[in-house]
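Written out below as structure tokens is the structure these notes cover.
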Amino acid sequence: MPSYPDLRMTVWSLLVVVMVGCGGGPVRVTGLVTLDGTPVNTGTVTFYPVEDGTLYYGTITASGRYELASVDGRVAIEPGEYDVAVRIVEAVPSPDPNQPPQPKLRSPVKYGDQKTSGFRFRIRPGANTADLPMKSK
């Protein structure tokens, strides 16, 4: 018969395995953003939970890739269903040199709103890829 210290160690080991291996905790989401098949080189991706929850965002890199983070900076997302918005904005020099550059939306307007973008993803435990192929027409 096992001693109490051995039994306690076994119980703690099982709890750790259950908590780590079976949890529905935050997972990683990455993807590629394209416009007419070409990777975009700037902009943001925002994941809006279909149910109440945390908003997640990612900055599009020069290679067109993004990785999601939460508003508190965690590079992870809770499993669930999300609608997605994509905004490609570039800085356009102002005609007045004393004024800052003006933002110009380069992505089609429909993709900038999660309700009209047509992008919905179910994020599951583990690594997830959510590519975002946009079309200009």
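The values are calculated or read from the model by the stated rules, or taken from the named source; none is laboratory data. Source: prediction; values computed, not measured. When we count neighbours, we look across all protein chains shown, and the Cβ atoms used for this are built from the backbone with ideal geometry, even at glycine.
What are the residues in segment 86-133 that are among the polar types (S, T, N, Q) and either within 12 Å of the chain's Cα centre (by Cα) or part of a strand (DSSP E or B) (or both), if any?
Within segment 86-133, Gln102, Asn128, Thr129 meet the criteria.
Given Thr42, Thr30, Thr34, which one is more than 11 Å from the chain's Cα centre (by Cα), modelled with pLDDT of 90 or more and assigned to a strand (DSSP E or B)?
Sole residue among the options that is more than 11 Å from the chain's Cα centre (by Cα), modelled with pLDDT of 90 or more and assigned to a strand (DSSP E or B): Thr34.
Read through the list (1) surrounded by 11 or more Cβ atoms within 10 Å (Cβ to Cβ); (2) in contact with a strand residue (DSSP E or B) (Cβ under 8 Å, 6 or more places away or on another chain), then give the number of the only condition that Lys110 fails.
(2)
Of the residues Arg87, Arg65, which is basic (Lys, Arg), touching a Ser or Thr at 6+ places or on another chain (Cβ under 9 Å) and without any contact (Cβ under 8 Å) to a residue 40 or more places away in the chain?
Arg65
Is it the case that Lys115 is modelled with pLDDT of 90 or more and either loosely packed, with under 13 Cβ neighbours inside 10 Å or under 17 Å from Leu35 (Cβ atoms) (or both)?
yes
Is it the case, given these coordinates, that Ser136 is hydroxyl-bearing (Ser, Thr, Tyr) and within 18 Å of Leu32 (Cα to Cα)?
Considered against the rule, which asks whether it is hydroxyl-bearing (Ser, Thr, Tyr) and within 18 Å of Leu32 (Cα to Cα), Ser136 comes out as yes.
Quick check on my filter: what residues within segment 82-96 are exposed (fewer than 14 other Cβ atoms within 10 Å of the Cβ) and over 14 Å from Gly43 (Cβ atoms)?
Matches in segment 82-96: Val92, Pro93, Ser94, Pro95, Asp96.
Give me the residue from segment 57-85 that is part of a loop (DSSP other than H, G, I, E, B) and at pLDDT below 90 and, out of that set, nearest to Thr34 (Cα to Cα).
Here the residue is Leu68.
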